[in-house]
1. Nearest 20 debye, what's the magnitude of the dipole of the stretch B:477-562 about its Cα centre given +1 on Lys and Arg Cβ and -1 on Asp and Glu Cβ?
2. Please list, or write none, the aspartates and glutamates whose alpha carbon is within less than 17 Å of the alpha carbon of B:K167, excluding same-chain residues fewer than 8 places away.
3. List the chymotrypsin sites (Phe, Trp or Tyr not before Pro) within the stretch B:331-404 that DSSP assigns to loop and that have no more than 10 neighbouring Cβ atoms inside 10 Å.
4. Which percent, to the nearest 5, of DSSP beta bridges fully inside the protein assembly as shown are antiparallel?
5. Calculate for chain A the 222 nm mean residue ellipticity that helices alone would give, adding -39,500 (n - 2.57) per DSSP H run of length 4 or more and normalising by residue count, nearest 500 deg cm²/dmol.
6. Can you list the trypsin sites (Lys or Arg not before Pro) in the stretch A:12-92 that are in a DSSP coil and have 15 or fewer other beta carbons within 10 angstrom?
7. Please average, across the residues of B:279-285, the number of beta carbons from any other chain that are within 10 Å of each residue's own beta carbon, and give a whole number.
8. Do the alpha carbons of any pairs in B:K141/B:K171; B:K457/B:K517; B:K364/B:K397; A:K66/B:K186; B:K125/B:K295 sit beyond 20 Å of each other, and which pairs?
Amino acid sequence: MKRALSIIVSNEHGVLSRVVGLFSGRGYNIDSLTVAPTMNNEFSRINITTSGDDAAFEQITKQLHKLIPTYKVLEGCEFVERECALVRIGINENLAGLDSLLKSFNGSIAHSNDETITICVNDTSDRIDNFLKTMKKFNPIDYARSGSLLMEVK
Amino acid sequence: MINGSKMICEALKLEGVEVVFGYPGGAALNIYDELYKQNDFKHVLVRHEQGAAHAADGYARASGKVGVAIVTSGPGFTNTLTGVATAYADSIPMVLISAQVANSLIGTDAFQEIDAVGMSRPCVKHSYLVKTIEELPRVLKEAFFIARSGRPGPVHIDIPKDITATKGEFKYPSEINIKTYKPTYKGNPRQIKRLANAILESKKPLLYLGGGCISSNASNEIRYFIEKTKIPAVCTLMGLGVLEHDNPYNLRMAGMHGSYRANMAMSECDLLISVGARFDDRITGKTSEFAKLAKIAHIDIDPSSISKIIKADFPIVGDIKNVMSDLNNEVGNNLDFSEWHEILNRHENLYPTFTYQDSDEVLKPQWVINECAKITPNANVITDVGQHQMWVAQFFKFNEPRRLSTSGGLGTMGYSIPAALGVAFAKNNEVVLNFAGDGSFLMNIQELMTLTASNKKVINIILNNSYLGMVRQWQTRFYNERYSETNLEDVQPDYEMLAKSFGCDAYRVKSKDEFIKAYHECLKSPRTCVIDVVISRFEDVLPMVPAGAAIYNMILPQNLIAKDNK
């Protein structure tokens with residue numbers, strides 16, 4: 001089962017490895033991870049998406065609470081989710097239909113040169129999955145994903 | 001303005017530290033130079049850094065204070081990890097200060113450099129790498145605060161060599177306020193009331209006492225609760241001493257080597273109240289069969305312990321002392337559990353708690369332990385890990401908390417000699433009695449030298465069956481007697497000569513008379529003593545619950561006798 005959690009931690013060195021160590025120590029995989037300071041620079045927000053059973057997830061949540069630098073663990077709440085993806089395709093591909101695809105996924109061209117163009121999309125992870133599937137017809141050379149950025153709905 | 005090393009000494013003084021255990025080295029030279037100049041606390045030079053961590057651990061268990069160890073970078077630090085993990089597994093308050101290579105060298109694979117904070121992270125409550133002199137006083141203060149508050153545990157501070165030499169202003173914080181760390185000390189009153197009501201409705205309630213009762217110094221509150229409610233109690237290895245040995249409601253130790261009555265009480269109770277215990281697999285056996293008929297109440301200061309293994313119907317987060325005190329105010333005193341006590345008495349009559357067959361031909365370990373308990377009932381006991389540890393848990397009569405120091409959670413062989421050193425510093429002029437097996441005694445035997453050099457007296461008793469006994473026991477029962485790498489016969493040192501070379505009094509005994517005579521000699525001696533006791537080779541620790549079986553499926557001494565007579 002797919003899970004999303006957002007952890008507010010003290011903005012100090014070493015805190016990220018403490019958090020991810022709890023996952024690796026239990027043989028639990030992290031699907032995506034994003035980290036950056038919050039509006040209050042004293043704290044950082046670590047967003048993690050993962051999958052696993054209820055019991056293991058409950059344990060991880062409790063262990064996250066137990067870490068000294070953890071201020072808040074947000075999980076099971078409604079999140080606004082956004083993920084960014086960059087896709088590079090060759091300039092010589094048949095680009096018919098790319099425009100309408102970009103429109104429907106709120107995408108744009110982030111970079112281009114005489115060999116490749118790089119497209120940027122910003123959407124939910126599920127929609128980015130679909131976008132990447134659709135992009136296959138343009139024979140993408142490479143893509144990069146940011147991982148989910150999460151914010152709870154108050 | 002003082003340098004970082006002086007700041008460390010000042011902080012230790014302000015924290016009331018009486019003794020630190022450590023070992024010098026290149027990166028720690030500045031710290032050791034300051035240690036040389038001060039007289040506020042004693043530094044004890046161990047003979048191996050693992051010993052420093054175990055000694056700090058033993059000191060903390062026996063005194064209830066924070067144990068402190070100081071070591072150098074690289075191997076000095078890595079050698080302590082077993083001791084730190086041991087303290088972490090049993091929630092023992094400890095501050096480990098490790099020196100690190102200079103900030104400018106960190107990450108360059110410098111001589112004696114290791115990512116110490118990275119390595120300690122999974123086995124400490126918290127850790128710090130000090131990057132600036134300005135943060136050092138706060139870090140030192142926080143480390144002691146975190147180690148002793150909430151669920152206690154080891155805290156590691158890694159201090160680069162340049163920081164130990166850099167001068168700065170020493171402003172030691174008077175109070176600590178960590179926004180992200182607020183342990184819950186007071187139990188939720190509604191949950192406590194719910195539990196009190198559940199006790200009223202219960203016919204077969206049972207207390208299950210763990211090491212948390214000792215950490216929180218809650219023995220008096222628990223004893224009063226039992227006196228008031230007449231609810232029987234079992235304990236874990238870590239909970240020995242919370243109740244007096246002969247308290248009529250003390251069903252004694254439960255679990256893998258627990259008594260028949262204690263394990264049947266766990267299996268038949270209708271309300272199990274776990275107090276500072278964490279449902280370790282050595283207690284629960286097969287979890288799906290554990291306390292199947294019972295509602296579960298779980299009182300613990302650590303929220304992550306609750307419902308970790310067994311789902312709690314009454315989760316109460318709080319300090320045991322506070323919660324039990326509140327619970328005492330909530331429960332009535334006109335409770336009647338006489339039918340439950342009759343059932344438990346019948347269990348006791350069927351298979352009496354912790355029995356053994358004595359012999360005049362060969363020394364039985366249980367007899368040796370019983371004699372020590374008879375002659376020195378108030379001894380501070382330390383054990384190593386193995387069969388002897390379980391025999392001590394079963395047969396020594398513990399009447400007070402903090403009288404037993406043993407590696408419960410991690411099961412660390414080599415724990416006992418250095419831990420006994422720490423206990424000897426915590427309990428000056430009291431009897432300190434260390435039980436070890438012949439296997440475990442060798443694992444940190446170099447600390448006998450530290451005992452001698454420190455003029456500390458520990459009576460060490462080796463229960464010597466020339467086997468790695470506990471492993472041998474499992475091989476006998478579950479591996480068709482294939483004694484793979486456990487037979488130590490003919491490959492043992494002469495413990496008597498070895499101990500004498502460390503400056504100890506030493507004896508090798510084979511009979512009851514010899515043992516009693518040697519033990520009295522040891523009590524009279526001012527020195528650390530070693531008695532190598534030759535015991536019966538094939539004695540097993542019973543009862544025994546095979547790993548993974550339900551705890552009511554015990555191999556009992558009677559079964560063994562019946563089998564032997566066939």
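The values are calculated or read from the model by the stated rules, or taken from the named source; none is laboratory data. Quick caveat, the model's predicted, so the values are computed rather than measured. FYI the Cβ positions are ideal-geometry reconstructions off the backbone, even for glycines, and counts take in every protein chain you see. Side chains included, ligands, DNA and RNA excluded: accessible areas come from the protein's heavy atoms. Shrake-Rupley method; radii C 1.70, N 1.55, O 1.52, S 1.80 Å.
1. Working: 10 positive and 13 negative charges, 49 e Å.
In total the dipole reaches around 240 debye.
2. Partners found: B:E10, B:D33, B:E34, B:E134, B:E135.
3. Numbers: sites: B:F337, B:W340, B:F354, B:Y356, B:W367, B:W391, B:F395, B:F396, B:F398; in loops: B:F337, B:F354, B:Y356, B:F396, B:F398.
The qualifying sites: there are none.
4. Numbers: 46 of 111 bridges.
Bridges in the protein assembly as shown that DSSP calls antiparallel: roughly 40 percent.
5. Details: 4 runs with 41 residues, N = 154.
Calculated mean residue ellipticity at 222 nm is -8000 deg cm²/dmol.
6. Numbers: sites: A:R18, A:R26, A:R45, A:K62, A:K66, A:K72, A:R82, A:R88; in loops: A:R26.
Answer by residue number: A:R26.
7. Details: counts 0, 0, 0, 0, 0, 0, 0.
Rounded to a whole number, the mean comes out at 0.
8. Numbers: B:K141/B:K171 10 Å; B:K457/B:K517 18 Å; B:K364/B:K397 17 Å; A:K66/B:K186 17 Å; B:K125/B:K295 31 Å.
Violating the 20 Å Cα-Cα cut-off are B:K125/B:K295.
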